[in-house]
Amino acid sequence: MDTAFLLNSMWVMLGAVLVILMIGGFILLETGSTRMKNAGHIAGKTILTFSIGSVIFWAVGFGLIFGKGNSLLGFSDFFYSGYDIDGMSLSGAVFFLFQLAFAGISLTIAFGGFAERAKLSAYLVFAVLFSVIVYPPIAHWIWGGGWLAEHGKQDFAGSTVVHLTGAMASLAATIILKPRIGKYNKDGSANNLAGHNQVFTALSVLLLWVGWFGFNAGSTLSVDAGFFGFVAVNTNLAAAAGTVAAMIISWIVLGKADVPMMLNGALAGLVAITASCAFVETWASVVIGFIAGILVFYSIRFFEKMKIDDPIAALSVHGTAGVWGTLSTGFFATKELATVGQPGLFYGGGLHQLGVQAMGVVVCGAFAFIVSFILLSIMKAAMNGLRVTEEEEIIGLDMSEHGSYGYPELVKVEQKLKA
Amino acid sequence: MTECSYSQVKKHRFERMAEASKDHFQLNALHDNIYKRVIQLAIENVSKEYGPPPCSFSFFVTGSAGRLEQSIWSDQDHGLIYHHPDLDMKSYFLILGKEISKGLYQVGYPYCDGGVMSSNPMWCKSISEWEVQLNRWIEESSWESIRYLLIFLDARILYGTDNDVHLLKNLIFQKVNTNQLMNKFLNNTMFYKKGINVLGMLLPETHGQHAGALNIKEIGLFPYVNALRLIAIKEKMSETSTLLRLESISETMSSVIDKPLYTKQFLKLLNYRLLLCDQTDYDSGHYLSLKRLTKEQTKDVKDMIKHGAALFAVVRKLLEKEDSYGAK
């Protein structure tokens, strides 16, 4: 067996492991950004929905994305059994696992919009529907040789495919579920339902940051010329620039160095560079990350003002930054690096690539949102509502959905104090 | 009988409030008047059960009442000094302190969360005990005891003799140069809520019931109040109100502090709070809704905040400079 095949397989396997470990990052991110009474539920359901997503991906997801079909959907390779894939210089099973991890991340992002109020059953059903109907078509269009791939859409590791898709499903969910009890006052002003653990949130960002090397650099799918190193450098720079930018803008506008905002800036930088990490120069990744850090700040404020209650800022971090990241290659993709599509506006490519990127964002975003909205609406009607009762929401989903608290002693003390 | 009398004072308060609340000075005179009536009633009530006060005593208010800077709603801040060192007296004056506190509560002054009330043994002491306590606070110089000293420095007599408070404050003034006390006073009051960002935009609350409103007490008033209290300590002033403290600034200090400017700004700030804040309750009374302001008023508010910050910075620089000379 040739060395390249083995090394590629090793490298992408490492990438898959890192990406799956990002689920741990999301557990910390989501629990840290929400309240104590829902912590056990959030941690547990994240593992559970990733498991559901994994099985569905194996059964149908992979086939719908990468199977032979038309420009809209693939139709072969269901119930994948571990064989190698023609024309690929790495183990088929490794490639499969890597792709499975991506689908799992997108699903986890979608559930951000469910936080602290959706029934457990809503998670279970939507995990299946999202993994069959929402994610695979978009992934096929861009990565599976579908119609957007034919246009030369640039989305190296999934700003659109993974992040925007997840965020749009999340948006549909937040709109249908409505804000959490206590988020908005009668006069329309918003309350800050602060997360219970900033240390979790900070650790989650670090875990995701490291995981992102698997996500982006792993997406090279090969060790050829050590190009993954370049991708990793761009990734790191964008995350750093996003962090700094969010800190600066929150200090300028709010007069304080807001920790959750800074952390969201790091994630926004990572999401934004996901599409462009292989197509742009290092200085551009700093600019892309920096702009993402600014955008996420205004985006969070915008959604809050629009009365869209997004507990973990999934819409801004994955949606807004995902859109920006996708568009960014239309500006910054260089002639040498644009192995897919054309160079961007700043490199003599004119508006062509920007147009392709914009079309991709609009079509994929609209598809993910509309389909998710319809699916969730049907679920709402069929399942007698997606949301837990008021009483259940107040006692916390740990108790209402699972029968025990993630922090039994502390929640009991808190309730005693309130009584 | 008791309830009835306090309720009469309460009625009086509400009858006069509408008129008095149009003017800052009238309003504070009314508060003083109500306090005095409550003290008188409390003495009468306690006398009926325990006899008349066993020795002479003074009652002081502190906090915003001490500084004559109360708004329509204000919580209680007060203490008591009696003139006989006998331990037996303590229980009597504590009973009196509790009665005054209860009376004030009944006429509409919420209890002080921090316990600065003459019903609390810490704030109800004989003059010699007060001396011991103040000396201990100076000695300790912990964050908490420095805070108590600062509270005491705003004390103003409402019943009894002014001399009591002067005597005790002098005790602090004399020791200002020891134990780096001045520096500690400065450090204890240095942090205040930021009101304007670097772009010159106001920073209202972003969340909660008062979203969109500015906490005018912490952002606007505190820098002036704290700066002038520091000056008062440095110049050993007996005045407690920020405006009077400004007026009493010495010639030398006047060269660096623009008295007329800050007087005008601070008075304006008090009037903005009184006339433009939502005065439905104690909490809301400190929040200025920015939506209701005209363009000129918004500019005014910015100016008041900026001048407050500038004033504090000047005072800070002054004290730090002296401190560094002292260290040499």
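The values are calculated or read from the model by the stated rules, or taken from the named source; none is laboratory data. Since this is a predicted model, take the numbers as computed values, not measurements. In this analysis, Cβ positions are derived from the backbone assuming ideal geometry, glycine residues included, and neighbour counts consider all displayed protein chains. Note: areas computed on protein heavy atoms with side chains; ligands, DNA, RNA excluded. Shrake-Rupley method; radii C 1.70, N 1.55, O 1.52, S 1.80 Å.
Quick check: the distance between the Cα centres of region B:208-284 and region B:102-152, to the nearest angstrom?
23 Å
If you average the alpha carbon positions of region A:352-400 and of region A:70-108, how far apart do those two centres end up, in angstrom?
For region A:352-400 versus region A:70-108, the Cα centre distance is 25 Å.
Select from B:Met304, B:Met201, B:Met237 the residue whose mean-square fluctuation is largest in a Gaussian network model of chain B (Cα-Cα springs shorter than 10 Å).
Answer for the Gaussian network model of chain B: B:Met201.
I need the helices of chain A that pass two filters: whole DSSP H segments spanning 15 Å or more by Cα along the axis, and mean Kyte-Doolittle score no lower than 0.5.
Details: long enough: A:3-32 (43 Å, 1.86); A:39-56 (26 Å, 1.17); A:92-110 (27 Å, 1.96); A:165-177 (18 Å, 1.78); A:198-216 (26 Å, 1.42); A:227-254 (40 Å, 1.78); A:259-276 (27 Å, 1.55); A:282-305 (35 Å, 1.33); A:321-332 (16 Å, 0.92); A:352-382 (45 Å, 1.70); A:408-418 (16 Å, -0.71).
Those that clear 15 Å and a mean of 0.5 are A:3-32, A:39-56, A:92-110, A:165-177, A:198-216, A:227-254, A:259-276, A:282-305, A:321-332, A:352-382.
Could you work out the mean count of beta carbons from other protein chains within 10 Å of each residue's beta carbon in A:191-202? Let's see the in-between values first.
Details: counts 4, 5, 1, 1, 0, 0, 0, 0, 0, 0, 0, 0.
Going residue by residue through A:191-202 and averaging, the value is 1.
Please report how far the C-alpha centroid of region B:32-97 lies from that of region A:22-68, rounded to the nearest whole angstrom.
Each part reduced to its Cα centre gives a spacing of 64 Å.
How big is the B/A interface in buried accessible area, both sides summed, 1.4 Å probe, to the nearest 100 Å²? Display every interim value, and only then the final one.
On the way: alone 15340 and 16280 Å², together 30730 Å².
Looking at B and A, the buried total is near 900 Å².
What FRET efficiency comes out for B:Lys302 versus A:Thr339 if R0 is 56 angstrom and r is the Cβ-Cβ distance? Round to the nearest 0.05.
Numbers: r = 54 Å, r/R0 = 0.96.
In this case the efficiency is close to 0.55.
Taking only DSSP H segments of four or more residues, each worth -39500 (n - 2.57), what value at 222 nm results for chain A once the sum is divided by all its residues, to the nearest 500 deg cm²/dmol? Can you show the working numbers first?
Numbers: 17 runs with 263 residues, N = 419.
Only helices count here, giving -20500 deg cm²/dmol.
At 1.4 Å probe radius, can you tell me the per residue accessible area of the protein assembly as shown in Å²?
Numbers: 30730 Å² over 747 residues.
Ligands and nucleic acids excluded, the figure is 41 Å² per residue.
When you look at the Cβ of every residue in B:196-208, what mean number of other chain Cβ atoms sits within 10 Å?
4
Considering only DSSP states other than H, G, I, E and B, which trypsin sites (Lys or Arg not before Pro) in region B:1-75 qualify as loop sites with at most 12 other Cβ atoms within 10 Å?
Details: sites: B:Lys10, B:Lys11, B:Arg13, B:Arg16, B:Lys22, B:Lys36, B:Arg37, B:Lys48, B:Arg67; in loops: B:Lys22, B:Arg67.
For trypsin sites (Lys or Arg not before Pro) across region B:1-75 that sit outside H, G, I, E and B with at most 12 neighbouring Cβ atoms in 10 Å, the list reads B:Lys22.
Give a quick list of GluC sites (Glu not before Pro) in region A:320-419 that DSSP marks as loop, anything other than H, G, I, E or B, with at most 15 other Cβ atoms within 10 Å.
A:Glu336
Specify which residue in the list A:Ile300, A:Gly330, A:Asn216 is farthest towards the positive end of the charge dipole of the protein assembly as shown, using unit charges on the beta carbon of Lys, Arg (+1) and Asp, Glu (-1), about the Cα centre.
Among A:Ile300, A:Gly330, A:Asn216, the one farthest towards the positive end of the dipole of the protein assembly as shown is A:Ile300.
For region B:2-174, restrict the atom set to alpha-carbon positions and state the Rg and Dmax in Å.
My reading of the Cα-based Rg and Dmax gives 15.9, 47 Å.
Using only the alpha-carbon atoms, what does region B:77-182 span along each of its principal axes? Please give whole angstrom values in decreasing order.
42, 29, 22
Tell me, what are the semi-axes, in whole angstrom and largest first, of the equivalent ellipsoid of region B:185-327 as set by the roots of 5 times the Cα gyration tensor eigenvalues? Let's see the in-between values first.
On the way: eigenvalues 162, 49, 39 Å².
Sorted largest first and rounded, they come to 28, 16, 14 Å.
Heavy atoms only, probe 1.4 Å: what % of the accessible area of region B:200-295 goes to carbon and sulfur, would you let me know? Walk me through the numbers on the way to the answer.
Working: 2190 of 4080 Å².
Summing carbon and sulfur atoms, their accessible area is 54 percent of the total for region B:200-295.
Report, by chain and number, residues whose modeled amide H sits under 5 Å from the one on A:Tyr184, excluding near sequence neighbours (fewer than 5 apart, same chain).
A:Asn191
Ignoring ligands, DNA and RNA, how do B:His307, B:His286 rank by accessible area with a 1.4 Å probe, largest first? Intermediate results must be reported in sequence, preceding the final value.
Details: B:His307 50, B:His286 20 Å².
Correct descending sequence by accessible area is B:His307, B:His286.
Mind putting together the pair-distance distribution for region A:1-113? All Cα pairs, 10 Å bins, whole percent per bin, short to long.
Over region A:1-113, the share of Cα pairs per 10 Å bin runs 14, 37, 30, 15, 4, 0 percent.
Apply the Karplus parameterisation 6.51 cos²θ - 1.76 cosθ + 1.60, with θ equal to phi minus 60°, to every residue of region B:309-315 and state each ³J(HN,Hα) to the nearest whole Hz, in sequence, with x for glycine and proline.
5, 5, 4, 4, 4, 4, 5
Quick query: amide H of B:Cys112 versus all other amide H atoms, modeled in the peptide plane; which residues come in under 5 Å with a sequence gap of 5 or more or a different chain?
Sorted by chain and number, the residues that satisfy this are B:Gln76.
Give a residue-ordered list of calculated ³J(HN,Hα) values for region B:206-214 (Karplus: 6.51 cos²θ - 1.76 cosθ + 1.60, θ = phi - 60°; whole Hz; x for Gly, Pro).
Result, rounded to whole Hz: 9, 10, x, 4, 9, 3, x, 10, 9.
Taking Cα pairs under 8 Å and at least six residues apart, what relative contact order does chain B come out at, in percent?
Numbers: 465 pairs, mean separation 55.6, N = 328.
Contact order relative to length: 17 percent.
Just the Cα atoms of the protein assembly as shown: what Rg and Dmax do they give in Å?
In order Rg, Dmax, the Cα atoms of the protein assembly as shown give 33.2, 106 Å.
So if I take the alpha carbon set of region A:149-203, get Rg, then get Rh from the Kirkwood formula, what is the Rg over Rh ratio? Spell out each step's value before the answer.
Details: Rg = 17.2 Å, Rh = 14.7 Å.
Looking at region A:149-203, the ratio lands at 1.17.
If Lys and Arg each add +1 and Asp and Glu each add -1, what is the summed charge of the other residues whose beta carbon sits under 13 Å from the beta carbon of A:Trp251? List each step's numbers first, then the result.
On the way: positive: A:Lys256, B:Lys194; negative: A:Asp258.
Cβ neighbours under 13 Å give a net charge of +1.
Given the alpha-carbon gyration tensor of chain A, what are the semi-axes of its equivalent ellipsoid in whole angstrom, ordered largest first, with each equal to the square root of 5 times an eigenvalue?
Semi-axes (√(5λ), whole Å): 34, 25, 20.
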